[in-house]
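The values are calculated or read from the model by the stated rules, or taken from the named source; none is laboratory data. This is a predicted model, so every value here is computed, not measured. A quick note on method: Cβ atoms are made from the backbone with ideal geometry, for glycine too, and the neighbour counts reach across all protein chains shown.
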Amino acid sequence: MTDTRRQSPSGLRAVTGRIGSIAGHHQSLTILVGLALVGALLPLISAVPPFSGFGTQKDWVGGFADAGVFVLLAVGLNVVVGFAGLLDLGYAAFFAIGAYTYAYGASTFTGLQTPFWIMLVAGAVVAAVFGITLGAPTLRLRGDYLAIVTLGFGEIVPVVALNADTYTRGTNGIVGLAQPNAYGLFGITSFPITNPWPWYITVLGIIAIAFMILYRLEDSRLGRAWVAIREDELAAASMGINTISTKLLAFAIGASTSGLGGVFYAAKLGVVDPTQFHFDVSFTVLAMVVLGGMGNIWGVAVGAFVIFEIQHQGLKQLGAFIQSLNVPVFQVPVLGSVDLGGINFLKFQFLLYGLALVAMMLLRPEGLFPSRQRRHELHEVAEESEEAAEDTSEAVKGA
Amino acid sequence: MTDNAKPPILVAKGVSKHFGGLVAVNSVDFDVPQGKIVSLIGPNGAGKTTFFNIIAGLYEPTHGSVSFTGVEMIARGRRSWAEPLAWVVPPLIIALIGLIVATAASSTALAAVTILVSLILLISAFLLAIARPPFYLRLLTRLGIFRSARPNDMVVAGLGRTFQNIRLFKTMTARDNVMVGMHSRMRSTPVDAVLRSRRHYREEKDADAKARRWLAFVGLAGKENEVARNLAYGDQRRLEIARALASEPKLLLLDEPTAGMNPSETAEMTTLFGRIRTELGLTILLIEHDMRVVMGVSDRVTVLDHGEKIAEGTSQEVRANPRVIEAYLGKAARA
Ligand SMILES: Nc1ncnc2c1ncn2[C@@H]1O[C@H](COP(=O)(O)OP(=O)(O)OP(=O)(O)O)[C@@H](O)[C@H]1O
Ligand SMILES: [Mg+2]
């Protein structure tokens, strides 16, 4: 059965191959056209029957703008985890740092009114500096140790934000963040809270820029060095790669992408408080990267979008749908009364994640849309032949 | 041993390496004359690979030092305690002077600026110290502070290597593997890559052409786009050599490059060593178990046993040496 599935799309593959080769030669254009298409088509979802019932077009577009933040976070984490192979469990820290940077740069709390567009750059730079600061002490660590240290850092940032209340107003958070200003472009001055469209277009623009930068970095001397380090750090160093500065750059670039997301998120919400940046954010973003397909920028972005929508629309709607079925309350001997209609799926989101991750790792460990290299990495046949080669070398040596 | 005109490219003095109680390499003096093929032989566990790893900057030696192209590169650090001082003291002085001036002029803005400046200075010095670019190392040497070279420093200085158990970047293509080898000779920065500057384009195009040439040189023409892990075993060994050559080394370290090869592959490999020396003018240091290869190509042979150098000379001299025969327990006699 799997065979027919593999054979049938040969004609289709020729077409996708053509498109792929065109896209490969005009990468930036592809990104712009692709994102413009996606950006134009997505809002139409509010006219499609099952989805149209879930909310107005404005609700949908506002949700997409929030999803865009997570797309940014995911493609940023993908640099660290997917390209350079460094497991970072504290990624939400940089998101927080971006958000607080905006809160300091443009709010009534500090009285500064730096324009949003400048703060975007500032947030990216500040997050990058913190990325390096975290990266530096962890450079000697690998795998599990690195994960634990980054986990610690990810928890330190919100805890500091919570307790340094003179500077962060603790649990109350910093409020009164300035709205971005479009300076009269398209007749918009200050971005309105009630109209999600400017936010949506802005986040699409930021994503487009991030995509272009990351694609160009991936296909460069630095991108090759990242992959080399991921594959075999010792061999990479022995081929002349300064593994330390290369890894620091991965941390810095990953963090700065997250910083962009933080600034946008803070501006859109108008308030930052420490509860927005806990471990569940780091975990969610990591799950997005893994499910989407580590190392593949588009794949990771799709993974982020899908997971975000499932989390924020899917689970809610599933609950509402099941409630609407009016399932009778069962009486089960040991368990007592079981009310299927009253299940709150949002509460189960981590259970569902867990199940999805386990299923994914068993069925498709390379993610939904794997990068070419990851697919090779997880290719079993090649693994066996390599072991055989190693065996022969041992045998010859022993002789 | 006829021309002593050129200084040796590599000089190791009294190099030892202890792993806990185990002495893997025991005060070995060793030098590699320029333009020659020198072989390092010895029974299993003699310490050959360990010695290689010391030269390549992978292991810090317990004692001794290694000079490469006349520059001392590897040794225990000297005055390394002074390095943190070198990057803490200048920012502190700036901060102090700034604060004194600021209090004299009673200006908080001036104080804030000096603190910021010294903080930036401190952070950049700290980053320099961990990233250790070549110019920073040269600066340290001028200050009399010595830090042992890391593997990437040795590559920059002109040392290329292969590994006993092949260590290719398995999921990358053959071409990309070779292009990683060129990393230290390329100059384009991440900014070039993002802006797709002319330097980036030119360098990538050059690197691609060079990679194809290196692959053709080792006999892998037409396999540019094969993923490394799918290459045949012998081809993987060749690819490792191409990758090492791509870093434009002066000295090439080959750790058992013919291990696991059949006689005809071994013969082809031996020819390749000859071409590397004659066509590229490189010096080769070779670890090899196959005595036919050693006898066939070496200008000089050094024998290690239990971490100690027990013999050195031409292949004939070494073959006749009773200590060598003893170490191999008749193996050498058979070959
Ligand atoms: N990283 C290490 N830690 C501890 N012991 C080591 C390490 N590397 C090597 N050794 C030990 O040092 C000794 C020398 O090993 P080495 O690999 O240098 O030998 P070799 O001459 O290359 O042998 P072979 O011909 O088998 O490759 C061995 O006893 C080995 O077990
Ligand atoms: Mg060895």
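Within segment B:238-259, residues that are among the polar types (S, T, N, Q) reach partners that are assigned to a loop (DSSP other than H, G, I, E, B) with beta carbons closer than 9 Å, at six or more positions or on different chains, in the pairs B:S247/A:M239; B:S247/A:G240; B:S247/B:G158; B:S247/B:M182; B:T258/B:E288; B:T258/B:H289; B:T258/B:D290.
Hey, among A:A147, A:A228, A:A208, which residue is out of contact with any Asp or Glu (no Cβ under 6 Å at 6 or more places or on another chain), surrounded by 15 or more Cβ atoms within 10 Å (Cβ to Cβ) and within 11 Å of chain B (Cβ to nearest Cβ)?
Working: A:A147 fails: within 11 Å of chain B (Cβ to nearest Cβ); A:A208 fails: within 11 Å of chain B (Cβ to nearest Cβ).
Residue meeting the stated conditions: A:A228.
Is there a residue in segment B:204-227 that is touching a residue at least 24 places away in the same chain (Cβ under 8 Å), in contact with a strand residue (DSSP E or B) (Cβ under 8 Å, 6 or more places away or on another chain) and within 8 Å of chain A (Cβ to nearest Cβ)? Checked against the condition, which is being touching a residue at least 24 places away in the same chain (Cβ under 8 Å), in contact with a strand residue (DSSP E or B) (Cβ under 8 Å, 6 or more places away or on another chain) and within 8 Å of chain A (Cβ to nearest Cβ), segment B:204-227 yields at least one hit. Out of segment B:226-256, which residues are within 16 Å of ligand 1 (Cβ to nearest atom), of a type outside the set (A, V, I, L, M, F, W, C) and touching a helix residue (DSSP H, G or I) at 6+ places or on another chain (Cβ under 6 Å)? Answer for segment B:226-256, where residues must be within 16 Å of ligand 1 (Cβ to nearest atom), of a type outside the set (A, V, I, L, M, F, W, C) and touching a helix residue (DSSP H, G or I) at 6+ places or on another chain (Cβ under 6 Å): just B:D255. Take the conditions (1) in contact with a strand residue (DSSP E or B) (Cβ under 8 Å, 6 or more places away or on another chain); (2) surrounded by 19 or more Cβ atoms within 10 Å (Cβ to Cβ); B:D290 misses just one of them, which is (1).
Among the conditions (1) within 16 Å of ligand 2 (Cβ to nearest atom); (2) free of Cβ contacts under 8 Å to residues at least 60 places away in the same chain; (3) within 26 Å of B:M154 (Cβ to Cβ), the only one that B:D290 does not satisfy is (3).
One residue alone among B:K36, B:K17 is within 16 Å of ligand 2 (Cβ to nearest atom), under 22 Å from the mean Cα position of the chain (by Cα) and among the basic types (K, R), and that residue is B:K17. Answer yes or no as to whether B:A102 is hydrophobic (A, V, I, L, M, F, W, C) and in contact with a helix residue (DSSP H, G or I) (Cβ under 6 Å, 6 or more places away or on another chain). So B:A102 passes the test. Taken over segment A:79-111, the criterion of being in contact with a strand residue (DSSP E or B) (Cβ under 6 Å, 6 or more places away or on another chain) and in a loop (DSSP other than H, G, I, E, B) is satisfied by A:F109 alone.
In summary, B:H63 fulfils each of the numbered conditions (1) closer than 30 Å to B:V297 by Cα; (2) at pLDDT 90 or above with the single exception of condition (1).
So that you can scan it fast, the table gives a plain yes or no per residue for (1) more than 19 Å from B:I287 (Cα to Cα); (2) in a helix (DSSP H, G or I):
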{"residue": "B:V25", "(1), (2)": "no, no"}
{"residue": "B:S39", "(1), (2)": "no, no"}
{"residue": "B:S80", "(1), (2)": "yes, no"}
{"residue": "B:L92", "(1), (2)": "yes, yes"}
{"residue": "B:A102", "(1), (2)": "yes, yes"}
{"residue": "B:L122", "(1), (2)": "yes, yes"}
{"residue": "B:A125", "(1), (2)": "yes, yes"}
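Pull up segment B:47-63, narrow it to residues that are in a loop (DSSP other than H, G, I, E, B) and within 13 Å of another protein chain (Cβ to nearest Cβ), then point me to the one that is nearest to ligand 1 (Cβ to nearest atom).
Narrowing segment B:47-63 to residues in a loop (DSSP other than H, G, I, E, B): B:47, B:56-62.
Next, from what is left, pick out any that are within 13 Å of another protein chain (Cβ to nearest Cβ): B:56-59.
Numbers: B:A56: 12, B:G57: 15, B:L58: 10, B:Y59: 7 Å.
Here the residue is B:Y59.
Of all residues in segment B:25-46, those satisfying the criterion of being more than 15 Å from ligand 1 (Cβ to nearest atom) and either closer than 17 Å to B:V297 by Cβ or of a type in the set (A, V, I, L, M) (or both) are B:V32, B:P33, B:Q34, B:G35, B:K36, B:I37, B:V38. Here B:W87 clears all of (1) within 14 Å of another protein chain (Cβ to nearest Cβ); (2) within 16 Å of ligand 2 (Cβ to nearest atom) except the condition numbered (2). Pairs are defined by a Cβ separation below 6 Å, a sequence spacing of at least 6 or placement on different chains, a first member in segment B:59-73 that is more than 15 Å from B:G47 (Cβ to Cβ), and a second member that is among the acidic types (D, E); the pairs so defined are B:S65/B:E72. With respect to being closer than 18 Å to B:R237 by Cα, surrounded by fewer than 22 Cβ atoms within 10 Å (Cβ to Cβ), more than 8 Å from chain A (Cβ to nearest Cβ) and of a type in the set (K, R), B:R198 falls outside the description. A search for C-beta distances below 7 Å between a residue of segment B:39-55 that is touching a residue at least 40 places away in the same chain (Cβ under 8 Å) and any residue that is acidic (D, E), counting only pairs 6+ apart in sequence or on different chains, returns B:S39/B:E288; B:I41/B:E288; B:G42/B:D305; B:P43/B:D305; B:A46/B:D305; B:T49/B:D255; B:F52/B:D255. Any residue in segment B:4-15 that is assigned to a strand (DSSP E or B), within 15 Å of ligand 1 (Cβ to nearest atom) and in contact (Cβ under 8 Å) with a residue 12 or more places away in the chain? Among the residues of segment B:4-15, at least one is assigned to a strand (DSSP E or B), within 15 Å of ligand 1 (Cβ to nearest atom) and in contact (Cβ under 8 Å) with a residue 12 or more places away in the chain, which makes the answer yes. Among the numbered conditions (1) buried (at least 19 other Cβ atoms within 10 Å of the Cβ); (2) within 12 Å of another protein chain (Cβ to nearest Cβ); (3) in contact (Cβ under 8 Å) with a residue 60 or more places away in the chain; (4) not aliphatic (A, V, I, L, M), the only one that A:K268 does not meet is (2).
Note down all Cβ pairs under 8 Å where the first residue falls in segment B:120-146 and is closer than 18 Å to B:R78 by Cα and within 11 Å of chain A (Cβ to nearest Cβ), the second is assigned to a loop (DSSP other than H, G, I, E, B) and not aliphatic (A, V, I, L, M), and they're at least six residues apart or on different chains. Matching pairs, first to second residue: B:R132/A:N242; B:R132/B:R147; B:R132/B:R150. Taking the criterion of being more than 7 Å from chain A (Cβ to nearest Cβ) and either closer than 17 Å to A:I229 by Cβ or not in a strand (DSSP E or B) (or both), the residues of segment B:153-162 that qualify are B:D153, B:M154, B:A157, B:G158, B:T162.
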